[in-house]
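The values are calculated or read from the model by the stated rules, or taken from the named source; none is laboratory data. Remember, predicted model here, so these are calculated numbers, not experimental data. When we count neighbours, we look across all protein chains shown, and the Cβ atoms used for this are built from the backbone with ideal geometry, even at glycine.
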Amino acid sequence: MRVYVPLTLPGLAEAHKTGELGAGELTAYAVTPGLREWYLSDNLEELEYAALNRAALASLRLLAADPAAPRRRVVVAVDVPDGAASADPDRALDPAALGEVRVAGPVPPAAVAAVHADGDDAEADVAAAVRALPTADGGDGDAQFVVDGAEDHELLWFAAQEIPGLVGPGN
């Protein structure tokens, strides 16, 4: 099963340094029954793209919690055994939790299929989206427009062996 783990660049650097993604249970996003119902598609590729975008939004929230992190969303695509990821049935219909799953960690590097990350050109829009998140969460349509503006930047695809270049020298 493919799951998408939201991170920041410092989080990716830490995973690269330690050789594992997460020490305990990870929050990730995947094609869940709730996501299928919300997205109204049977196309697996479209559904996985929707799960990736949900993880990118979660990465934006991680950036809001880490003011020192570079303003670039990061999502790690990981292949885990079926049954290793589970959705919380109590949150299945919560719009904020669409596609959300829990994965028992740690996840070994061999499970990483790819990394998706913003390019440098997205930093200004991602920074604006991070600043607008609290107001958008409060229902402000203009702020939500700014948050949605981060999605105008497609996440770039990187092979797992490109992680050292993403996290910088010495990591």
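If you check E46, E14, E37, E20 for being at pLDDT 85 or above and over 28 Å from D125 (Cβ atoms), only one passes: E20.
Could you tell me which residue of the stretch 49-67 is farthest from A28 (Cα to Cα), considering only residues that are small (G, A, S) and either at pLDDT below 95 or under 13 Å from the mean Cα position of the chain (by Cα) (or both)? Can you show your working first?
So in the stretch 49-67, the residues small (G, A, S) come out as 50-51, 55-56, 58-59, 64-65.
This time we only want the ones that are either at pLDDT below 95 or under 13 Å from the mean Cα position of the chain (by Cα) (or both), so: 50-51, 55-56, 58-59.
Values: A50: 13, A51: 9, A55: 7, A56: 10, A58: 9, S59: 10 Å.
Across the stretch 49-67, the extreme among qualifying residues is A50.
One residue stands out in the stretch 73-82 among those that are part of a loop (DSSP other than H, G, I, E, B) and of a type in the set (D, E, K, R): the one that is surrounded by the most Cβ atoms within 10 Å (Cβ to Cβ), namely R73. Evaluation of E45 against the conditions (1) in contact with a strand residue (DSSP E or B) (Cβ under 7 Å, 6 or more places away or on another chain); (2) within 26 Å of E162 (Cα to Cα) shows that the sole unmet condition is (1).
Contact map, the stretch 40-59: residues that are touching a residue at least 60 places away in the same chain (Cβ under 8 Å) paired with residues that are assigned to a helix (DSSP H, G or I) and among the acidic types (D, E), Cβ distance under 8 Å, separation 6+ or inter-chain. Pairs shown: N53/E151; A56/E151.
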